[in-house]
1. Return the FRET efficiency for the residue pair Arg25, Thr65: r is the Cβ-Cβ distance, R0 is 30 Å, and the value is rounded to the nearest 0.05.
2. Share of Cα-Cα pairs in the range 1-54 beyond 16 Å, in percent?
3. When the scattering of the chain is computed by the Debye formula from its Cα atoms alone, each counted once and equally, what is log10 I(q)/I(0) at q = 0.20, 0.23 Å⁻¹?
4. For every helix of n ≥ 4 consecutive DSSP H residues, a contribution of -39,500 (n - 2.57) applies; sum these over the chain, divide by its total residues, and give [θ] at 222 nm rounded to the nearest 500 deg cm²/dmol.
5. If you keep only loop residues by DSSP, which chymotrypsin sites (Phe, Trp or Tyr not before Pro) in the range 1-83 have at most 13 other Cβ atoms within 10 Å of their Cβ?
Amino acid sequence: MNTHDYWCIHQIDIYCEEIMASIRRFGNSYDVFLEDRDYYKSVSKSIEEIGELAKSFSSDYRKKTEGEIPWKNIIGMRDVFAHSYGNMDEYQIWKTATENIPVLFDFCEKEIRKYRSQEGGTV
């Protein structure tokens, strides 16, 4: 992983943490998610930013890790957010936040540890 890819992974990791913190703060309830627009917007915007960052990876990194993380789907979701936000499927956003984000977070944490061990703990 090059330095730019590491930076992207690190930023995605932060957005994943923010999403999971929002879920802990507001509760793991789809009904609350739908009712509280701040909660909904916070999670949605973080997912959109993750997709934007995923677009920035080197093609080599995306290709190397596509078996673990569906980058094309993440980027595709970002594109829907950016171009037709009002048409987003609220349940799909919720499902992404509660099921996929923890998996992505674990992946990022693993990649960060791997990069840091290869770089001698610096960055």
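Taken together, the values in this text are just the output of simple stated rules run on the coordinates, not laboratory data. Quick caveat: nothing in here was measured; it's all calculated off a predicted structure. Glycine gets a Cβ as well: all are built from the backbone with ideal geometry, and neighbour counts include every protein chain shown.
1. Working: r = 30 Å, r/R0 = 1.00.
In this case the efficiency is close to 0.50.
2. Values: 626 of 1431 pairs.
Considering the range 1-54, 44 percent of its Cα-Cα pairs are separated by more than 16 Å.
3. Treating every Cα as an identical point scatterer, log10 I(q)/I(0) equals -1.09, -1.35.
4. On the way: 7 runs with 95 residues, N = 123.
For the chain, the value works out to -24500 deg cm²/dmol.
5. Working: sites: Tyr6, Trp7, Tyr15, Phe26, Tyr30, Phe33, Tyr39, Tyr40, Phe57, Tyr61, Trp71, Phe81; in loops: Phe57.
When the chymotrypsin sites (Phe, Trp or Tyr not before Pro) of the range 1-83 are filtered for loop state and at most 13 Cβ neighbours within 10 Å, nothing remains.
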